[in-house]
Each structure stands twice: as C-alpha cells, then as structure tokens.
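Structure first, commentary second.
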Amino acid sequence: DTAVSQTPKYLVTQMGNDKSIKCEQNLGHDTMYWYKQDSKKFLKIMFSYNNKELIINETVPNRFSPKSPDKAHLNLHINSLELGDSAVYFCASSQARGGRNTEAFFGQGTRLTVV
Amino acid sequence: DQQVKQNSPSLSVQEGRISILNCDYTNSMFDYFLWYKKYPAEGPTFLISISSIKDKNEDGRFTVFLNKSAKHLSLHIVPSQPGDSAVYFCAALGGGADGLTFGKGTHLIIQP
C-alpha cells in the first residue's frame, strides 16, 4: 500500500541510451512532480504536473520529458543520457488545498548511474 | 543563489537532549515552510510544516518556529531519540516556484 512508488530503484546504463523511470501514486493527489538530487545532495524540482498543465524548471534539458498516461502516473523519460545525469531522481505528489499545493509525498528514489 | 539555506551540514546531539535544526531563507514570497526527514536510500518523509501567518507549530516531540522578520525557521526535537538520526531538509513553498525549494540538509546524529 505504498503511497508513491517508483521503479526501478537502481538503474545503470551507458551514455547515449534512452531510459524511463516510472512513478505511480495511490493518494488521489492531483499534482505530481519529479525532483533531482545531485552529487552535492541538492534536491531540486524538475517538473510539476497536474491534469491541466506542465511546469518545467527552465534548467532542465529538453532530453528530459515527463509523460502522464493518467492522473496517478507520471513517468520520466530521458533521451541520450549523459554522465552528468547521474543522480537520484525522486517522484512526488501533493494535493492542492485552497488553490495551492501543500506538502508533497515522495517516492523512495531511483539512483541513476550513467557509465 | 540558494534561497533556502541550512548552514550546518551535520549536528550531533545526545539522546534525550534537545535537537535544534536551523534554516534561513532569502525569498520573502515564501509563505509555507516544511521539514522533511530522510533516511539513506529512502525518499524524504514529511515531518511538520508551518504557514507564514504563524510563528509556531507543534506536533508531539517536534516544534517548528518561524521568525519572519529574520527569515529564519528552526525545528526543535525534544527529547531526541536514536531513531531521529537522519538528514533533515528544510523546504519552502511559494516564491514563484511551483514545487518545493529545498535546503541542502542537515545530518542529525543522535548519540546514545
């Protein structure tokens, strides 16, 4: 009965490959996110998505694209992987209250290693 | 340009004593603040939050204080327990960003 689950937990792949990370939430939340934790341990938002709009952090390369087949899923696709993409990626979700998003619930993270 | 700063990378506290974790922010448009706890190889877990219209919020052993004029918040844990050993992230909502803006985290170590 995991609230936010993402797969795989670990992903090792070669430079230039295309990969996907899946995320599902069973909380009924209407907003989902992808965050990246880099080697310096900074947690930074990459995308925010609800069924109305996608908001992209301007620093995210366009090789990264979120895909949402339905409200409970937000998958992360990465094309032409680079060494610098190695990081831990966290999916999260939150429910809007009073017209704004509140606390987010996180998945366990996917450690991506590009070799 | 870190908008949320946690200047102590680590903090060591004896079991049973009070742990105080600090956080400073620069964006005056932030209007909601949160603390998350993170164990290794797990995602951050929401701990406690505070709206900018309040100066204190308490939940069991955890209390968050907000000083808006100083743009400073702190998390107090009392009494500290071994299971509290984790990395604690301060985060903020608002300020023009759609998601959470995180600090770099403070690694809290509770010593027996």
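The values are calculated or read from the model by the stated rules, or taken from the named source; none is laboratory data. Bear in mind that the values here come from a model prediction, so they are computed numbers and not experimental data. All Cβ positions, even for glycine, are placed from backbone atoms using ideal geometry, and neighbour counts span all protein chains on display.
Take the residues of the stretch A:6-49 that are among the small types (Gly, Ala, Ser) and modelled with pLDDT of 95 or more: which is nearest to B:Ala41 (Cα to Cα)? Spell out the reasoning first.
Of all residues in the stretch A:6-49, those among the small types (Gly, Ala, Ser) come to A:16, A:20, A:28, A:39, A:48.
After this cut, where a residue has to be modelled with pLDDT of 95 or more as well, the list is A:16, A:20.
Working: A:Gly16: 26, A:Ser20: 20 Å.
Selected residue: A:Ser20.
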The condition from (1) small (Gly, Ala, Ser); (2) part of a loop (DSSP other than H, G, I, E, B); (3) within 13 Å of chain B (Cβ to nearest Cβ) that A:Gly16 misses is numbered (3)
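Check B:Tyr32, B:Tyr25, B:Tyr36 and return the single one that is touching a Gly at 6+ places or on another chain (Cβ under 7 Å) and not basic (Lys, Arg).
Details: B:Tyr25 fails: touching a Gly at 6+ places or on another chain (Cβ under 7 Å); B:Tyr36 fails: touching a Gly at 6+ places or on another chain (Cβ under 7 Å).
That would be B:Tyr32, the only listed residue that is touching a Gly at 6+ places or on another chain (Cβ under 7 Å) and not basic (Lys, Arg).
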For the stretch B:57-108, which residues satisfy the criterion of being loosely packed, with under 15 Cβ neighbours inside 10 Å, assigned to a strand (DSSP E or B) and not acidic (Asp, Glu)?
B:Asn67, B:His72
If the Cβ limit is 6 Å and pairs must be 6+ apart or interchain, which residue in the stretch A:44-67 that is touching a residue at least 40 places away in the same chain (Cβ under 8 Å) and on the phi > 0 side of the Ramachandran plot pairs with which residue that is surrounded by 17 or more Cβ atoms within 10 Å (Cβ to Cβ) and in a strand (DSSP E or B)?
none
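Taking the options B:Ser80, B:Ser74, name whichever one is away from chain A (no Cβ under 14 Å) and either at pLDDT below 95 or farther than 28 Å from A:Met32 by Cα (or both).
Details: B:Ser74 fails: either at pLDDT below 95 or farther than 28 Å from A:Met32 by Cα (or both).
Result: B:Ser80 is the single residue among B:Ser80, B:Ser74 that is away from chain A (no Cβ under 14 Å) and either at pLDDT below 95 or farther than 28 Å from A:Met32 by Cα (or both).
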